[in-house]
Amino acid sequence: MILPPDPPSGFDWSSHNTYSVSLLHRHSEQRTDETLVQRHLDDPQRRLMMLFGDRVLVRSGRADFEGNAASALFQETDTQIFLGLDPEGRPWFAGEFRSEPELEPGEALVDLRSLARDAIVGSDSFGPLAQARATLFWHQRHRFCGVCGAPTVSIAAGYQRNCTGCGTQHFPRTDPVVIMLIQDGEDRVLLGRTPRFEAGMYTCLAGFMEPGETVEDAVRRETKEESGIDVGAVRYHASQPWPFPANLMLGCYGEAISTDIEVDKAEMDDCRWFSRDEVKAMLATTEVGKLHCPPRLAVARHLIEVWADLK
Ligand SMILES: [Zn+2]
């Protein structure tokens, strides 16, 4: 049994995933320079993206606003996150509406999944939007200190909150999730579905990593829990920011060392082995009801496609 090969030297699978592509350089070194950040905020060329939960304000196929539109929107948010500089050196920020906004003609609030699935904005906006969503969500959930309960305040251009009581520094969180394509010795892969999936869709198994656990052990544990399958060798393949709300998907391949499936009915609707021909047919259709794989925006599909193309 052979895991899919490593990519050619220097090739970065991760950079091709949805929510990975960004036109911005984050310039994290600038965040603590308050004078510089203020200069960026005052820059007439600055751009602003506005979110309300997992929905993004969109107008004319763009999620970034400039000029007077940006100035007006800056009044609608208490949190300003410096996202970085674009290739022209323009500073980009993100903010969150305090309440559901009144939309102007031609505007829409579109959720992050639909934005990507329907290509409503350019693909290089998804990286900044994932960065914005995860960071804004963290701000919402860390308004008070987890140590002493006092209010916290945002500093470092939105990348840190300090407690006003005990001084503890709090930093944005990312929750790692392993997602894995497990193959057996008979050229089959293990795919499953949960009850909330649309009819016919099967995908890679996945689960949150636990504290004090390696990526490899998380792959083995989650696969065993959900399918009853034992996994031996595991290899990391690619990662993907997954802003629902603040996950990092760690895509892996693994080799099964057992084949008898025992589905965890508490979590899974079904789980089974699929042959390479079956998988190729599933990749070729998106018809709800027919057996199919997840859409292109998911790293699971990437893992499945790379495997399916091996032979
Ligand atoms: Zn505190």
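Laid out as a table, the results:
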read-out: Condition check for ALA256: among the small types (Gly, Ala, Ser), more than 22 Å from the chain's Cα centre (by Cα) and surrounded by fewer than 16 Cβ atoms within 10 Å (Cβ to Cβ); value: no
read-out: Number of positions in region 29-69 that are more than 20 Å from GLU100 (Cβ to Cβ), open to solvent by less than 70 Å² (accessible area, probe 1.4 Å) and outside any loop (DSSP other than H, G, I, E, B); value: 8
read-out: Residue within region 100-114 that is open to solvent by less than 40 Å² (accessible area, probe 1.4 Å), at pLDDT 95 or above, in the same structural domain as PRO211 (by TED's automatic domain parsing) and not hydrophobic (A, V, I, L, M, F, W, C) present; value: no
read-out: Entirely in region 77-194, the strands (runs of 3 or more DSSP E) that have 1 or more residues that are among the β-branched types (Val, Ile, Thr) and closer than 19 Å to LEU24 by Cα; value: 81-85
read-out: Restricting region 261-311 to residues that are polar (S, T, N, Q) and at pLDDT below 95, the residue that is least open to solvent (accessible area, probe 1.4 Å); value: THR285
read-out: Some residue of region 285-303 being touching a residue at least 40 places away in the same chain (Cβ under 8 Å) and polar (S, T, N, Q); value: no
read-out: Hits in region 165-206 - residues which are within 16 Å of the ligand (Cβ to nearest atom) and open to solvent by 50 Å² or more (accessible area, probe 1.4 Å); value: GLY165, CYS166, GLN169, PHE171
read-out: Inter-residue pairs, beta-carbon under 7 Å, first of a type outside the set (Asp, Glu) and in region 29-54, second open to solvent by 90 Å² or more (accessible area, probe 1.4 Å), 6+ apart; value: ARG47/GLU66; PHE52/GLU100
read-out: Residue match in region 283-296 (condition: on the phi < 0 side of the Ramachandran plot, acidic (Asp, Glu) and either part of a strand (DSSP E or B) or outside the structural domain of GLY228 (by TED's automatic domain parsing) (or both)); value: no
read-out: Test: residue in region 209-218 that is touching a residue at least 24 places away in the same chain (Cβ under 8 Å), more than 16 Å from the ligand (Cβ to nearest atom), among the small types (Gly, Ala, Ser) and within 21 Å of GLU267 (Cβ to Cβ); value: yes
read-out: Selection within region 207-224 - small (Gly, Ala, Ser) and open to solvent by less than 20 Å² (accessible area, probe 1.4 Å); value: GLY207, ALA218
read-out: Some residue of region 157-166 being within 20 Å of the chain's Cα centre (by Cα) and within 22 Å of THR18 (Cβ to Cβ); value: no
read-out: Residue check for ASP230: more than 22 Å from PRO5 (Cβ to Cβ) and free of Cβ contacts under 8 Å to residues at least 40 places away in the same chain; value: yes
read-out: Scan of region 150-164 for residues that are over 20 Å from THR77 (Cβ atoms) and either away from the ligand (no atom under 11 Å from the Cβ) or in contact with a Pro (Cβ under 6 Å, 6 or more places away or on another chain) (or both), ordered by number; value: THR164
read-out: Qualifying positions in region 117-149 - away from the ligand (no atom under 16 Å from the Cβ), closer than 12 Å to PRO172 by Cβ and open to solvent by 30 Å² or more (accessible area, probe 1.4 Å); value: PHE137, GLN140
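The values are calculated or read from the model by the stated rules, or taken from the named source; none is laboratory data. Everything numeric in this text was worked out from a predicted model, so none of it was measured. When we count neighbours, we look across all protein chains shown, and the Cβ atoms used for this are built from the backbone with ideal geometry, even at glycine. Just the protein is used for accessible areas: all its heavy atoms, side chains included, with ligands, DNA and RNA removed. Shrake-Rupley method; radii C 1.70, N 1.55, O 1.52, S 1.80 Å.
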